[in-house]
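Read the figures in this text as sums done on the coordinates, not as results from a lab. Predicted, not measured: the structure shown is a model, and the values here were computed from it.
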Amino acid sequence: MTEERRDAATLRLVGAALVAAAVLALVVGPDVACAALAATCAIAAVLRGVLHGHRPVGLAVRSTMTDVTVMMLLAVGIGVLSLSPGV
């Protein structure tokens, strides 16, 4: 497997997780879909933090710390909003 194809694996995994979250929203319900979406953001943040440089294609946009912080804040925000009553 070439280096470029292996690097794009992170983008494909995150994309598949987002599609799975959309399917979960239709089949199971929005609560489970929000949990899956928050978990996807958290896992993407960990992947971005562990895979240094521009290796995680599609996840490496800014500096590593900025990318990790933004994705973790998204994960926490989605998690908090999904647990809030009336939202």
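Counted residue by residue at 0.36 nm each, then reduced by the alpha carbon distance between them, the extension gain from residue 23 to residue 50 reaches 6.9 nm.
Once the Cα atoms of helix 9-27 and of the chain are each reduced to a long axis, what angle between those two axes, in degrees from 0 to 90 to the nearest 10, is obtained? Here the helix axis deviates by roughly 10 degrees. In the chain, the longest principal axis of the Cα atoms and the axis of helix 64-83 are about 10 degrees apart.
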